[in-house]
Amino acid sequence: MTDPKIPDETAGGAVGKLAGKVKEAAGSVLGNEQLAREGRLQQAQSEAEAEAAQAGADAQQRQAETELEAAKAENELERERLQTELTAEERQAAIDRDEQQRMREAAIRAEQEKVAADGERRLQQSAANRAEQRAEGDRLAEEQAAIRLRHEARQLEARADAIDPEETA
């Protein structure tokens with residue numbers, strides 16, 4: 001039946017298991033315990049190989065699941081990092097917008113203050129000019145009054161001289 005020097009090429013898988021059952025049955029029918037034992041061993045080997053293959057497949061499945069979970073965790077960390085980065089960028093943009101708004105408002109206030117100061121300066125200058133004009137008018141009026149009084153005094157002196165000519169000498 002089988003030569004132990006020739007390797008059995010149908011030792012594994014479903015075909016190997018079937019061949020093992022055939023050998024076991026043939027060995028039992030023929031009373032060849034060696035052949036029956038070889039059939040049982042071939043069946044056991046096929047089952048062990050099937051279990052090993054299943055265990056390997058299960059291990060690969062678990063490995064793939066672990067890798068998938070690790071990738072998911074890594075993706076979640078990256079998503080959180082990107083979200084944090086985006087939030088920080090949005091916060092910085094808001095800070096920048098607020099700062100620009102404050103700068104615009106400060107520039108507007110400074111311009112308003114400058115306009116108000118210029119207006120105040122013009123009002124003060126105008127008031128000073130009016131005061132100067134009033135003072136000049138008052139000086140001219142006083143000078144005219146002094147001229148008039150000197151003129152009147154000369155006229156009165158001339159009249160007095162005409163009334164009494166000796167006192168002038």
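The values are calculated or read from the model by the stated rules, or taken from the named source; none is laboratory data. As the structure is a prediction and not an experimental result, all values here were calculated from the model. Cβ atoms come from the backbone with ideal geometry, glycine included; neighbour counts cover every protein chain shown.
Of note, E51 does not satisfy the criterion of being in a helix (DSSP H, G or I), touching a helix residue (DSSP H, G or I) at 6+ places or on another chain (Cβ under 9 Å), under 30 Å from G16 (Cα atoms) and not β-branched (V, I, T). Just one residue in the set E120, E65, E111, E99 is modelled with pLDDT of 95 or more and under 32 Å from the mean Cα position of the chain (by Cα); that residue is E99.
Considering A48, A94, A71, which residue is closer than 30 Å to S28 by Cα, out of contact with any strand residue (DSSP E or B) (no Cβ under 6 Å at 6 or more places or on another chain) and free of Cβ contacts under 8 Å to residues at least 60 places away in the same chain? One residue alone meets the criteria, A48. Given the condition loosely packed, with under 12 Cβ neighbours inside 10 Å, modelled with pLDDT under 90 and assigned to a loop (DSSP other than H, G, I, E, B), answer yes or no: does some residue in segment 13-30 qualify? Scanning segment 13-30, I find no residue that is loosely packed, with under 12 Cβ neighbours inside 10 Å, modelled with pLDDT under 90 and assigned to a loop (DSSP other than H, G, I, E, B), so the answer is no.
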